[in-house]
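The values are calculated or read from the model by the stated rules, or taken from the named source; none is laboratory data. Keep in mind the model is a prediction, meaning the values are calculated, not measured. In this analysis, Cβ positions are derived from the backbone assuming ideal geometry, glycine residues included, and neighbour counts consider all displayed protein chains. Surface accessibility is based on the protein's heavy atoms, side chains included, excluding ligands, DNA and RNA. Shrake-Rupley method; radii C 1.70, N 1.55, O 1.52, S 1.80 Å.
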Amino acid sequence: DGIGNACETYYEETSTAITYTGTWSNYVCPTCSGGAIKISSQNGAKLDFRFYGIGVRWIVAKANLLGKANIYFDGVYKGQVDLYNAATQVKQVVAEKFGLVFGQHTLTLEVSGQKNPASTGITIDLDAFEVVQP
């Protein structure tokens, strides 16, 4: 995977490294990492995850009522990720960034208000983040 002997650390959705803005709710999900996820369907609601590392993965549950999230990395817009899937899937890596200069970075996720035409909602979710350190 190109990261050699790197150390990987999980941060659950309850981590103090995450700042939530807007309306977010806890959702019990026994098969998800840590047994729960955070969800928001408020257009413009966002979360900021501050971490030290050389890489990061965003882990979610995908489902038929989920929408698209805007992704910003260190303040720069990087596009959207569609969390829709016809069948629910947990512990899915939907975005990752590697090869960073080791130091503090911020990954921001935002409810875009947009969705796949097949989806029944615009909700986005967070199960966990995985940070890669040298």
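Below is a table of values for the structure above.
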{"read-out": "Qualifying positions in the stretch 109-121 - surrounded by 20 or more Cβ atoms within 10 Å (Cβ to Cβ) and more than 12 Å from V81 (Cα to Cα)", "value": "S119"}
{"read-out": "Residue list for the stretch 74-87, filter: aliphatic (A, V, I, L, M), part of a strand (DSSP E or B) and open to solvent by 70 Å² or more (accessible area, probe 1.4 Å)", "value": "V76"}
{"read-out": "Considering residues of the stretch 98-134 that are in a strand (DSSP E or B) and among the aliphatic types (A, V, I, L, M) only, the residue modelled with the lowest pLDDT", "value": "V132"}
{"read-out": "Check on A95, open to solvent by less than 60 Å² (accessible area, probe 1.4 Å), in a strand (DSSP E or B) and farther than 21 Å from G22 by Cα", "value": "yes"}
{"read-out": "Qualifying residues in the stretch 60-73 (those that are under 19 Å from V131 (Cα atoms) and under 10 Å from the mean Cα position of the chain (by Cα)) - the one surrounded by the fewest Cβ atoms within 10 Å (Cβ to Cβ)", "value": "I71"}
{"read-out": "Selection from the stretch 9-34 of residues that are in a strand (DSSP E or B), open to solvent by 50 Å² or more (accessible area, probe 1.4 Å), under 19 Å from Q92 (Cα atoms) and not aromatic (F, W, Y)", "value": "E12, N26, V28"}
{"read-out": "Residue check, V56 under 11 Å from the mean Cα position of the chain (by Cα), among the β-branched types (V, I, T), open to solvent by less than 20 Å² (accessible area, probe 1.4 Å) and at pLDDT 95 or above", "value": "yes"}
{"read-out": "Only listed residue being without any contact (Cβ under 8 Å) to a residue 60 or more places away in the chain, closer than 27 Å to E8 by Cα and in a strand (DSSP E or B), chosen from I71, I37", "value": "I71"}
